[in-house]
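Step one of this worksheet: look at the structure below.
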Amino acid sequence: VPETLHADFYGFQADLTPVEQDAALRLRELLEREVRPIANDYWARAEFPHQVVQPLARFGAFGAFIPEVARFENSAVYRGWAGMELGRVDASTCTFVGVQSGLAMGAIHVGGSREQREEWLPAMADGTVMGAFGLTEPLSGSDTARGLRTTARRDGDRWVLNGAKRWIGNATFSDITVVWARDVADQQVKGFLVRRGTPGFTTSKIEGKQALRIVQNADITLEDVVVPESDRLPEVHSFREVAIVLRLTRAEVAWQAIGVAVGAYEAAVRYAGEREQFGKTIAHYQIVQDRLASCLGNITACIAMCMQVSRMQDEGRQRDEHAALAKSFVTTRMREVVAWCRELLGGNGITLEHGVARYFADAEAVYSFEGTRDMNQLIVGRSITGVSAFV
Ligand code: FAD
């Protein structure tokens with residue numbers, strides 16, 4: 001396992017603290033040992049390797065941003081870097097961690113009571129309780145802030161939920177799912193912890209996905225699901241709190257996208273040095289070198305951008321539009337990189353075994369979730385012009 005990444009051309013890793021650098025290296029080793037050897041196989045079968053959960057939990061992959069469960073003091077820059085390391089080996093594993101940690105634990109961290117935090121966060125950090133985050137619906141994706149249709153009706157000391165969710169990662173096996181629903185009384189969005197096995201709560205796996213195939217995404221139906229008031233997140237009063245959770249994770253998705261680009265780039269560099277055509281390895285040809293240099297330029301610019309966005313988060317001055325610009329810019333550069341790498345491998349670029357096809361396919365989902373490119377550009381556009389173009 002390399003101590004530094006070849007794709008970290010300007011040596012950004014040195015900006016992490018010594019403790020963080022050590023953690024990044026341990027994570028790199030863990031992923032090479034536990035995830036890389038099985039990723040293509042599980043991806044092909046669209047199954048989730050549950051055996052990776054405990055090694056990731058012991059390492060401290062879940063809830064690193066929550067002081068009471070973090071294994072060591074760390075910065076947003078470190079957490080972003082860790083997301084890049086995960087994406088570099090497998091974007092699905094990175095997404096799984098992002099859902100468990102950033103979204104599900106993030107929702108309880110932002111909206112939960114002291115009792116709820118104590119009940120769930122340590123167990124989720126230990127990987128003994130799995131979480132999911134149910135926001136998107138069949139009829140509401142980009143417009144969940146105004147379009148969310150799932151309802152919550154208060155009935156004494158309990159709530160009754162009705163509606164449907166779509167695309168919910170980890171929900172086929174999660175022990176608790178954070179369900180966002182609109183209170184019929186005040187029309188505000190509220191958050192509920194729905195436990196597996198609650199009558200009326202059913203999940204079914206979305207089949208036939210051609211990206212992030214390891215991630216288990218579910219359609220959820222809620223039919224008169226009864227949730228006690230004690231399982232409502234009391235610090236959530238409106239969609240504002242949902243937006244706070246998403247703000248915590250959006251910059252990390254940009255880092256994940258760098259990881260996807262790095263993973264494809266590394267495979268392409270390797271291939272260029274091995275594949276011979278016209279009597280020489282293709283690394284000898286100018287067009288091939290140009291393509292690799294373009295990939296490295298994209299990756300280097302994106303790391304610099306994300307380092308700064310994460311620093312701004314550490315300093316408490318990151319705004320929505322800062323994370324949004326990073327997400328849209330980096331995912332667009334990622335898409336260029338995986339396409340160039342795919343091309344550089346010729347026909348082998350479309351086979352799993354040559355190491356680019358999985359990144360190429362997964363990039364499409366990373367491009368569209370946690371706010372599509374368009375949504376993030378509009379958030380930036382609103383900041384530039386002062387007018388919202390959403391509707
Ligand atoms: P739509 O909102 O229907 O958008 C379709 C197209 O229209 C897009 O190109 C979009 O940019 C464009 N568009 C929409 N509105 C406008 C506008 N005003 N102006 C210009 N263009 C516009 N959600 C969860 O809640 N939990 C999860 O765990 C989760 N995991 C996911 C995992 C995967 C693999 C995927 C693919 C999705 C996941 N999602 C999850 C859902 C994800 O967040 C949504 O897919 C995303 O927000 C986009 O919504 P949509 O797919 O409904 O697209």
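Could you please find all residues in region 344-373 being more than 14 Å from Gly263 (Cα to Cα), loosely packed, with under 14 Cβ neighbours inside 10 Å and not β-branched (Val, Ile, Thr)? Within region 344-373, Gly346, Gly347 meet the criteria. With respect to (1) crowded, with 23+ Cβ neighbours inside 10 Å; (2) farther than 15 Å from Ala211 by Cα, the lone exception for Met305 is condition (1). Looking across region 122-153 at every residue that is acidic (Asp, Glu) and within 11 Å of the ligand (Cβ to nearest atom), the one that is modelled with the highest pLDDT is identified as Glu137. Pairs only if they're at least six apart or on different chains, beta carbon under 6 angstrom, first in region 120-148 and on the phi > 0 side of the Ramachandran plot, second outside any loop (DSSP other than H, G, I, E, B) and buried (at least 16 other Cβ atoms within 10 Å of the Cβ); list them, first residue then second. Once the first residue is on the phi > 0 side of the Ramachandran plot and sits in region 120-148, its partners that are outside any loop (DSSP other than H, G, I, E, B) and buried (at least 16 other Cβ atoms within 10 Å of the Cβ) give Gly127/Val53; Gly127/Ala57. Of the residues contained in region 252-266, none is found to be part of a helix (DSSP H, G or I), over 25 Å from the mean Cα position of the chain (by Cα) and over 29 Å from Gln318 (Cα atoms).
Which members of region 356-366 meet the condition of being out of contact with any Asp or Glu (no Cβ under 9 Å at 6 or more places or on another chain), within 16 Å of the ligand (Cβ to nearest atom) and either acidic (Asp, Glu) or without any contact (Cβ under 8 Å) to a residue 60 or more places away in the chain (or both)? Listed by number, the list holds a single entry, Glu364. Within region 338-355, can one find any residue that is within 16 Å of the ligand (Cβ to nearest atom), of a type outside the set (Val, Ile, Thr) and assigned to a helix (DSSP H, G or I)? Scanning region 338-355 turns up no residue that is within 16 Å of the ligand (Cβ to nearest atom), of a type outside the set (Val, Ile, Thr) and assigned to a helix (DSSP H, G or I).
For every residue, the table says whether it meets (1) more than 30 Å from Ile303 (Cβ to Cβ); (2) touching a helix residue (DSSP H, G or I) at 6+ places or on another chain (Cβ under 6 Å).
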site	(1), (2)
Gly80	no, yes
Met84	no, yes
Glu115	yes, no
Glu119	yes, no
Asp126	yes, yes
Phe133	no, yes
Thr150	yes, no
Gly156	yes, no
Trp159	yes, no
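Residues in region 293-345 that are of a type in the set (Phe, Trp, Tyr) and either under 18 Å from the mean Cα position of the chain (by Cα) or within 28 Å of Glu241 (Cα to Cα) (or both): Phe329 alone. Restricting region 267-276 to residues that are assigned to a helix (DSSP H, G or I) and without any contact (Cβ under 8 Å) to a residue 40 or more places away in the chain, the residue that is surrounded by the fewest Cβ atoms within 10 Å (Cβ to Cβ) is Glu274. Of all residues in region 199-248, those satisfying the criterion of being buried (at least 23 other Cβ atoms within 10 Å of the Cβ), in contact with a helix residue (DSSP H, G or I) (Cβ under 6 Å, 6 or more places away or on another chain) and of a type in the set (Val, Ile, Thr) are Ile214, Val215, Val236, Val245. Residues of region 213-252 that are modelled with pLDDT under 95 and among the hydroxyl-bearing types (Ser, Thr, Tyr): Thr249 alone.
Given the conditions (1) under 28 Å from Val225 (Cα atoms); (2) over 14 Å from the mean Cα position of the chain (by Cα); (3) in contact (Cβ under 8 Å) with a residue 60 or more places away in the chain, which single one is not true for Gln100? Of the numbered conditions (1) under 28 Å from Val225 (Cα atoms); (2) over 14 Å from the mean Cα position of the chain (by Cα); (3) in contact (Cβ under 8 Å) with a residue 60 or more places away in the chain, the odd one out for Gln100 is (2).
Looking across region 165-220, the residues that are part of a loop (DSSP other than H, G, I, E, B), within 13 Å of the ligand (Cβ to nearest atom) and among the small types (Gly, Ala, Ser) come down to Ala171, Ser174, Gly208, Ala211.
Can you confirm whether Arg291 is within 23 Å of Gln377 (Cβ to Cβ) and part of a helix (DSSP H, G or I)? Outline the logic, then answer.
On the way: within 23 Å of Gln377 (Cβ to Cβ): no; part of a helix (DSSP H, G or I): yes.
No, not satisfied.
The values are calculated or read from the model by the stated rules, or taken from the named source; none is laboratory data. Predicted, not measured: the structure shown is a model, and the values here were computed from it. Cβ: placed from backbone, ideal geometry, glycine included. Neighbour counts: every protein chain shown.
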